[in-house]
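For reference, the structure is listed below as structure tokens.
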Amino acid sequence: MGLFLFIPNSTFANFQSVEINEINYIGYTDWKDNAPGSGDEFIELKNSNPSTPIILDGWTLRILSGSGDKTISLSGTITDYLLLRRITSTQTSLPPINKVINITSSNFGTLSNDKGAYIELRDSKGITIDAVNFRDKWPYTTKQNESLHKVSNLVWEVKPHSPLNISTPTPPPTPESENISYGGVIISEIYPNPIDGGKEFVELYNTTDKDIDLQNWKLDDIQDGGSTIQTLTGIIPAKEFLLLEDGVGLKIGLNNGSDSVILYDPDGKIQSQVDYTMKESQKGYSYMYVDNIWIWNIIPSPNSINIAPVSPPVEIIPIDPKPFIPIIPQLTKYNIGSVIISEIYPYPNSGEEFIELYNNTEQDIDLTSWKISDLAKSYILSGIIPAKGYKTYNQSETKIALNNTSETITLTDNYNQIQSNTSYIKAYKGLSYIPILQGWGWTQTITPNAPNIFTEKENADSTKNYIGIENIDNLLQIEDGEYIDIEGQVIIPVGKLVENSFYIIKDNRVIKVYDRQNRFPTLKEGDIVKIQAEWHNTDTQQYIKTNSIDNIQIILEKSIDIQTQNMTKLENSDWGKIVNITGVLDTNTKTKLVINNKNQNTTVKLYSDKVTKPKMKKGDIVTLTGFIEVYDGEIRLIPWNSGQIRATPIIKKSSIDNIQPKTVSELDNNQSNLISTTTKDYRGLDEYNIPGASDIRLKNNTLLQEFLAKYGIFITAITLNLIWWGYLIWVKYRKEG
């Protein structure tokens, strides 16, 4: 076993020497060389010191948006601005534009219009230079000629496109089309637990150069916190404060423990939000926004500039009513890399997940107002981390649940600088993630609050514990990432239904086996195989994931005994079962059917290049055979050959009056024959949402044939009699006429 003792020590580049300056996620940029469209997205980078050009060789830009995760490799030099333009594969021959790099859509991905994005810029050493975390939601909705422009690390605004910072003339805004900048009005101070005789207050501040009408803006506290949402009114002047005080403008109640204050604009979008937790000893303190961070201050400052507490006390100088930026003692500002993330334990064998920090300096560092974040949640730090020392934060404290797949962890200091961050694509059970030389790697030796020890992952892999699967019903209880040992019989060979996959059957349930690189032995239907591989079990889907031909051993070949079940309602617990289901066809596309079988709508997934369906139309009675798959929460049926889809001819009889009661009873009691009737005594066709249905519909016409055989001669004689007498009457009246 190879061991490597690791003590963090790094050299760091200047933070935000290059920054993410403008984001166009809506598209429709007019490049003059192509008709604008929704795919014309771009991200603009800015060199904050144009006199010093920066070489971008080895730099990367990561774009995590929607379900896509792309990393773009950069090169060349940036003097002032550099723009990354998204193009399609058909636009690669477009003439070059100065300071614009064309990135094909396969490498750029797509900026989701409604799910936001996480965008991260790293230098050639892998150090984060700038990052934008709008994961799950963009800060503001833009129109086709607009994009997001950076004002500061915390504030973005909506303005017309200006790639390469070339402003385009725009008409004066009208009241109907005017956009208020995101962060234009912010919550600047709250006073939740006043001293005796004092009043709670919330202070707002207009950061813009124009007056803003607060008509229909709203103020609320934490969801389900007990307060009624407050609707605001009035004008907040440019660069001015608005004080909402208990009994005089403030109608929500602020909790003394933990709470949130949220400001919504008239469109219902969050313009500003503050979350806080206060101690009993902080009674009389206000929570204020100072120098891009939130701090507790013993001296509230309603309707005036917030000033951080200083020691020793300084003389208070009267200030102009207009807001200004005072010269005050600053909080200690640390170099990037002073404190780093030194170990992450996301997938424990036992115990808790944790995130470990290391103080890379020779002095103790106060972590007050620093925070640890993943892509979903943040935790505010406090306390001291000693010089060259460690500090570990468990999940029970931070409430940050580290993903087992695709995660990013960021450490931000009290100036909102990213001190350290790291990402991984997949976590391994029982291994921790640590810095190793110029990168990161997984180690089997877990060392919270101590120097890291690197155990090569190859040695760790050799000790895999495989869980034997004897009962298929227990398979879904196995956690994602566990290694399993299972035997099954090939029911669908490689490529017959899905490329890079085959399917086995065990205990009459079908299981997918997948390898992206198609590293399978030659398999045929009926082969009994032994598989030792990783079990993939997420909210999206379940399958066995192999990564080598050696994961699969062919034991023998025998015929397959498939047992199907007739079902009318499918549940998640039916995953993998092979079933028959009958219903009325509601949706019919190339890759999807939806049938209504009274109890539920059932989705049928069709692999159209593998399975050919018969001709059918909406309203037909369809019988299907397939296995049940649960994909992204949806229960769906998967047929794997064309004979498993059958559209049954519909035989209609306009009335049941001439059918003997015994026959009706037999129909009703034999559910394999009866589809439905409209009489109140039987299941009605209206339950299948077929308008105007008024006939008996039989799947099999066996009973109808028996009825016609028994009474057919009698019915035929009466019919011919009626025709003969009708003819005689017609002849008689014709002669008389």
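The values are calculated or read from the model by the stated rules, or taken from the named source; none is laboratory data. Quick caveat: nothing in here was measured; it's all calculated off a predicted structure. Reconstructed Cβ throughout: ideal geometry from the backbone, glycine too, with neighbour counts over all protein chains shown. Note: accessible area is taken over every heavy atom of the protein model, side chains too, but ligands, DNA and RNA are not part of it. Shrake-Rupley method; radii C 1.70, N 1.55, O 1.52, S 1.80 Å.
Can you work out which of the residues in segment 203-221 that are part of a loop (DSSP other than H, G, I, E, B) and polar (S, T, N, Q) is surrounded by the most Cβ atoms within 10 Å (Cβ to Cβ)? It would help to see each step written out before you state the result.
Looking only at segment 203-221, we keep the residues that are part of a loop (DSSP other than H, G, I, E, B), and these are 207-211, 214-217.
Cutting the leftovers down to polar (S, T, N, Q) gives us 207-208, 215-216.
On the way: 207: 19, 208: 16, 215: 11, 216: 13.
This residue is 207.
Scanning segment 19-55 for residues that are surrounded by 17 or more Cβ atoms within 10 Å (Cβ to Cβ), aliphatic (A, V, I, L, M) and free of Cβ contacts under 8 Å to residues at least 40 places away in the same chain yields one hit, 54. Selection of strands (runs of 3 or more DSSP E) fully inside segment 478-550 by the criterion of at least 2 residues being of a type outside the set (S, T, N, Q) and under 20 Å from residue 638 (Cα atoms) returns 483-492, 501-506, 509-514, 542-545.
All of (1) at pLDDT below 85; (2) surrounded by fewer than 17 Cβ atoms within 10 Å (Cβ to Cβ); (3) under 32 Å from the mean Cα position of the chain (by Cα); (4) farther than 20 Å from residue 145 by Cα hold for residue 95 with one exception: (3). Checking each residue in segment 389-404 for being surrounded by 15 or more Cβ atoms within 10 Å (Cβ to Cβ) and either touching a residue at least 60 places away in the same chain (Cβ under 8 Å) or among the hydroxyl-bearing types (Ser, Thr, Tyr) (or both) picks out 390, 392, 393, 398, 404. If we scan segment 263-283, do we find a residue that is modelled with pLDDT of 90 or more, assigned to a strand (DSSP E or B) and open to solvent by less than 40 Å² (accessible area, probe 1.4 Å)? No: zero hits.
Would you confirm whether any residue within segment 518-537 is buried (at least 18 other Cβ atoms within 10 Å of the Cβ), hydroxyl-bearing (Ser, Thr, Tyr) and either under 30 Å from residue 346 (Cα atoms) or out of contact with any Pro (no Cβ under 7 Å at 6 or more places or on another chain) (or both)? Among the residues of segment 518-537, not one is buried (at least 18 other Cβ atoms within 10 Å of the Cβ), hydroxyl-bearing (Ser, Thr, Tyr) and either under 30 Å from residue 346 (Cα atoms) or out of contact with any Pro (no Cβ under 7 Å at 6 or more places or on another chain) (or both), which makes the answer no.
Does segment 475-511 hold any residues that are among the basic types (Lys, Arg), touching a residue at least 40 places away in the same chain (Cβ under 8 Å) and either touching a helix residue (DSSP H, G or I) at 6+ places or on another chain (Cβ under 9 Å) or buried (at least 21 other Cβ atoms within 10 Å of the Cβ) (or both), and which are they? Can you show your working first?
Going through segment 475-511, the residues among the basic types (Lys, Arg) turn out to be 496, 506, 509.
Filter once more, so that each one left must be touching a residue at least 40 places away in the same chain (Cβ under 8 Å): 496, 509.
Passing the criteria: only 509.
Pull up segment 106-132, narrow it to residues that are among the hydroxyl-bearing types (Ser, Thr, Tyr) and either under 30 Å from residue 338 (Cα atoms) or at pLDDT below 85 (or both), then point me to the one that is surrounded by the fewest Cβ atoms within 10 Å (Cβ to Cβ). Going through the qualifying residues, I end up with 106.
Listed here are the residues, each with its yes/no results for (1) surrounded by 12 or more Cβ atoms within 10 Å (Cβ to Cβ); (2) β-branched (Val, Ile, Thr); (3) assigned to a loop (DSSP other than H, G, I, E, B).
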position	(1), (2), (3)
582	yes, yes, no
590	no, no, yes
604	yes, yes, no
609	no, no, yes
616	yes, no, yes
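Only residues that are out of contact with any Asp or Glu (no Cβ under 8 Å at 6 or more places or on another chain) and either open to solvent by 50 Å² or more (accessible area, probe 1.4 Å) or closer than 12 Å to residue 188 by Cα (or both) were counted in segment 230-244, giving 3.
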